[in-house]
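Laboratory data are not the source of any read-out in this text; all were calculated from the coordinates shown. What you see is a predicted model; the values in this text were computed from it and never measured. Cβ placement follows ideal geometry from the backbone for every residue including glycine, while neighbour counts extend to all protein chains displayed.
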Amino acid sequence: QKEVEQNSGPLSVPEGAIASLNCTYSDRGSQSFFWYRQYSGKSPELIMFIYSNGDKEDGRFTAQLNKASQYVSLLIRDSQPSDSATYLCACPGGGGNKLTFGTGTQLKVEL
Amino acid sequence: GAVVSQHPSRVICKSGTSVKIECRSLDFQATTMFWYRQFPKQSLMLMATSNEGSKATYEQGVEKDKFLINHASLTLSTLTVTSAHPEDSSFYICSASQYGGADTQYFGPGTRLTVL
């Protein structure tokens with residue numbers, strides 16, 4: 001089992017809809033989780049991180065963490081075409097001295 | 001805050017030459033810097049983890065003699081691709097973490113290397 005798993009997509013949503021991106025992880029000891037956005041040809045940029053169970057909101061983005069189910073998700077409200085990108089989930093792995101990244105989910109927001 | 005720069009952004013070189021890429025944390029001190037490589041339409045691949053003043057820790061399958069990493073200060077790490085070949089052509093991205101380990105990583109803009 002991969003340490004961090006994401007559906008590669010593409011996930012297509014219409015403009016204005018809620019995009020839901022999901023990620024599961026295998027290390028029950030993981031305490032911190034990160035979501036990055038990567039536009040084609042660019043490097044990843046941090047969207048948000050979450051440490052505690054429950055929801056964390058930042059503008060149109062909400063991260064949801066369920067440690068019991070080893071599941072973290074990212075909701076994007078009022079999706080815009082500019083949100084079209086690959087979204088990477090990351091959590092500590094490899095002995096805790098680095099982050100392990102999922103392969104990413106490609107999101108397409110269509111007009 | 002948390003700005004990381006990389007230089008150069010793009011480099012084209014002949015096969016057999018060496019290329020040095022710099023990664024700088026501009027507004028924070030980075031205990032740990034990471035070097036990634038990404039081929040087109042593929043996921044990030046961690047090459048090595050670098051702590052200031054220490055030898056880098058390379059991931060399995062990454063040749064340490066080919067990819068030389070130096071982390072001489074808390075704001076600068078360099079990656080040198082030695083004797084580059086066309087198969088080394090890729091997008092090289094560094095990231096920096098203030099506290100290291102599983103702390104937040106901030107990515108540089110990347111360096112696109114093309115080896116002819």
Exercise for review: Using Cα centres only, tell me the gap between segment A:6-48 and segment B:18-37 in whole Å.
Suggested key: 24
Exercise for review: Kindly rank B:86-92, A:87-93 from highest to lowest mean number of other beta carbons found within 10 Å of each residue.
Suggested key: A:87-93, B:86-92
**Study point:** 21 Å Cα-Cα threshold exceeded, pairs from B:K14/B:K66; A:K42/B:K14; A:K98/B:K64; B:K20/B:K66; A:K67/A:K98; A:K98/B:K55
**Key:** A:K42/B:K14
Check your understanding: When only C-alpha pairs under 8 Å and at least 6 residues apart count, what is the relative contact order of segment A:18-111, in percent?
Key -> 31
Revision key, fill the gap. If every Lys and Arg gets +1 and every Asp and Glu gets -1 at its Cβ, then about the Cα centre chain A yields a dipole, in debye to the nearest 20, of 260
Check your understanding: What does the convex hull of the alpha-carbon atoms of chain B project to on average, in nm²?
Key -> 6.6
Exercise for review: Using a 10 Å cut-off on Cβ to Cβ distances, tally the other chain neighbours for every residue of A:27-35 and report the average as a whole number.
Suggested key: 1
Point to revise | chain B - percent relative contact order, Cα under 8 Å, separation 6 or more | key: 37
Practice item. Report, largest value first, the span of the C-alpha coordinates of segment A:1-59 along each principal axis, in whole Å. Key: 36, 27, 21
Review point. So, counting K/R as plus one and D/E as minus one, what does the shell of residues with Cβ under 14 Å around A:L21 add up to?
Key: +2
Review point. Taking chain B as a Gaussian network, Cα atoms linked when under 10 Å apart, which of B:S83, B:S43, B:S97 shows the biggest mean-square fluctuation?
Key: B:S43
Check your understanding: Hey, fewest Cβ within 10 Å first, where do A:L107, B:L116, B:L74 land in order?
Key -> B:L116, B:L74, A:L107
Practice item. Express the Stokes-Einstein translational diffusion coefficient of the protein assembly as shown in µm² s⁻¹, to the nearest whole number, given a Kirkwood radius over alpha-carbon pairs, 10 °C and a viscosity of 1.306 mPa s. Key: 88
Exercise for review: Bin width 5 Å, alpha-carbon pairs only: give the P(r) of chain A as whole percents, running from 0 to the bin holding the largest distance.
Suggested key: 2, 13, 24, 25, 20, 10, 4, 1, 0
Study note, to complete from the structure: The answer for the net charge of residues other than A:T62 whose Cβ lies under 11 angstrom from its Cβ, with Lys and Arg +1 and Asp and Glu -1, is 0
Practice item. For every other residue with a beta carbon closer than 12 angstrom to the beta carbon of A:T86, add +1 if it is Lys or Arg and -1 if Asp or Glu, then tell me the sum. Key: +2
